[in-house]
Amino acid sequence: MTPRERLIVALDLPTVEAAEGVVARIGGAASFYKIGYQLIPVGGLDLARRLSAAGNKVFLDFKFHDIGATVERGTASVARLGADFLTVHAEPDVLKGAVAGRGRDPRLKILAVTVLTSLDQTALARIGLTTPIEDLVLRRAEMAAEAGADGVVASAREAAAIRARFGGALLIVTPGVRPKGAGVDDQKRVATPAEAIGAGADYLVVGRPVVEAADPQAAAKAIVADIAGVRGDGAG
C-alpha cells in the first residue's frame, strides 16, 4: 500500500456536483473517498458506484446502529454496492450483524466506530460515560476483534494503544487529522498526518483541509508527502 492509498478524502459536501468537482480537481493525488450523511440523501450512493467503477476505493460512513438483524440486512445491501469500508457502532449485536451481512465479500471491510474525535472526556461525562477515553476505545476495539470486524475508527491519541494491544489484527482508520497550521474546526482529539501515522494509523481521513483548500490537489499531495516522510516508502 502506497502513501497515496492511505489518504481517504472525506467528501463532506452539500451536493454530488460539488463532490465530483473536488474529485476532478484532486485528480490522481488521491484514490480513496469517504461518503457520509451529507451526500447519502442527495445521490451519494450513485456517486459511490461511479467512483468505484472509475477505479477508486469507497468508504461508506453510515455508522449503522440498530438491532443486529437490521444491521445484517443493511450491510448485505451495502456489499452489493461494491464499497471497501463500512462503519458501524462498536456494540456486540451491531458488529455481529454487520459481519454476518458482509458474508464472504472479499472487498468490504467492517470498521467499528470507537469514540468520535469530536468528543472529549467532558463531553462523554455529560452523557454518563466516565470511563477514561483510552480504556473505552480499547474495550470497543476488543468488541470489534471478538466479532470478527476488520478494523476500528479511532483518533491518533488512541492508535498507539490499539496497535500495542492488537498488533496488525485490526486496521486503524483515523479521522480528525489536520495538517500543521490548519484549524481544528469542531474536532477535539486531533493530530497531524505525521503524528497519526507515527502512532500506528493505517489510513487517515481528511475532509475540510483538502476539499475546502484553494488547490485540493496540492493539499492532498502535501498530506501524502507527510505520510511518506514517516513511513519512508515513497510518495507514489
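The helices (runs of 4 or more DSSP H) found wholly in the stretch 36-106 and carrying at least 3 residues that are under 19 Å from the mean Cα position of the chain (by Cα), within 17 Å of ALA147 (Cβ to Cβ) and without any contact (Cβ under 8 Å) to a residue 60 or more places away in the chain occupy 68-79, 92-102.
If only residues of the stretch 184-199 that are outside any helix (DSSP H, G or I) and either more than 16 Å from the chain's Cα centre (by Cα) or at pLDDT 95 or above (or both) are counted, the one that is farthest from ALA18 (Cα to Cα) is LYS188. Pairs meeting the criteria (first residue in the stretch 202-220 and without any contact (Cβ under 8 Å) to a residue 40 or more places away in the chain and in a helix (DSSP H, G or I), second residue basic (Lys, Arg) and surrounded by fewer than 22 Cβ atoms within 10 Å (Cβ to Cβ), beta carbons under 7 Å, at least 6 apart or on different chains) are PRO209/ARG178.
Taken over the stretch 144-172, the criterion of being crowded, with 21+ Cβ neighbours inside 10 Å, not hydroxyl-bearing (Ser, Thr, Tyr) and not in a strand (DSSP E or B) is satisfied by ALA144, ALA147, ALA149, ALA154, ALA156, ARG157, GLU158, ALA159, ILE162, LEU170.
The lone criterion from (1) in contact with a Lys or Arg (Cβ under 6 Å, 6 or more places away or on another chain); (2) surrounded by fewer than 17 Cβ atoms within 10 Å (Cβ to Cβ) left unmet by ARG73 is number (1).
The values are calculated or read from the model by the stated rules, or taken from the named source; none is laboratory data. Nothing here was measured: the structure is a model prediction, and the numbers come from that model. Counting neighbours? That spans all protein chains shown, and the Cβs are built from the backbone with ideal geometry, glycine included.
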